[in-house]
Amino acid sequence: MPQICLEYTSNITLPLEYNQFFKRLHDLLVASVVGVELNACKSRVRPLQHFYIADGKERNAFVHLSIGLLSGRTLAEKAALSQTALQLLKDFYQPVFDLFALQLTVAVEDMTRETYSKFAS
């Protein structure tokens, strides 16, 4: 916990430093979410090869960031995290704003504590 997944449409071909983005996001999570420890943050990137957006024009693109946290945070805490993470996405993807009709979205989701299992060696 947290489990982080960044999905983006593969028509965004600019070389972007995802490790830099995840470092900033991990630091944000540790600083702003009670109970989050750096060694528990797990992030991955998934380029999407097959997608269709709106009218199907090649210029259409999206990025979606999912942040899964163990249940117990208030709606206000999750909403604040969502807005802060969206600003990080905006800063990170700013170089492609003029190249695409880009949609950025963030979802902060609960992972049920009672059904989440973990092993770490």
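The residues on offer are 104, 86, 99, and the sole one that is touching a helix residue (DSSP H, G or I) at 6+ places or on another chain (Cβ under 8 Å) and either surrounded by 13 or more Cβ atoms within 10 Å (Cβ to Cβ) or not in a helix (DSSP H, G or I) (or both) is 104.
Each row is one residue, and each column tells you yes or no for (1) surrounded by 13 or more Cβ atoms within 10 Å (Cβ to Cβ); (2) in contact with a His (Cβ under 9 Å, 6 or more places away or on another chain); (3) part of a loop (DSSP other than H, G, I, E, B); (4) at pLDDT 95 or above.
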site: 11; (1), (2), (3), (4): yes, no, yes, yes
site: 15; (1), (2), (3), (4): no, no, yes, no
site: 26; (1), (2), (3), (4): yes, no, no, yes
site: 68; (1), (2), (3), (4): yes, no, no, yes
site: 72; (1), (2), (3), (4): no, no, yes, no
site: 80; (1), (2), (3), (4): yes, no, no, yes
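Applying the criterion of being in contact with a Leu (Cβ under 6 Å, 6 or more places away or on another chain) and not charged (D, E, K, R) to the residues of the range 97-115, the residue that is nearest to residue 51 (Cα to Cα) is 104. A count restricted to the range 28-47 and to residues that are at pLDDT 95 or above, outside any helix (DSSP H, G or I) and within 17 Å of residue 109 (Cβ to Cβ) stands at 5.
The residue pairs whose first member lies in the range 104-121 and is without any contact (Cβ under 8 Å) to a residue 60 or more places away in the chain, whose second member is part of a helix (DSSP H, G or I), and whose beta carbons are closer than 6 Å, counting only pairs six or more residues apart or on different chains, are 104/89; 106/82; 106/85; 106/86; 108/78; 108/81; 108/82. Among residues of the range 26-45 that are under 10 Å from residue 69 (Cβ atoms), none has a Cβ under 7 angstrom from a residue that is among the aromatic types (Phe, Trp, Tyr) and in a helix (DSSP H, G or I) at a sequence gap of 6+ or on a separate chain.
The values are calculated or read from the model by the stated rules, or taken from the named source; none is laboratory data. Predicted, not measured: the structure shown is a model, and the values here were computed from it. We place every Cβ from the backbone using ideal geometry, glycine too, and count neighbours over all the protein chains shown.
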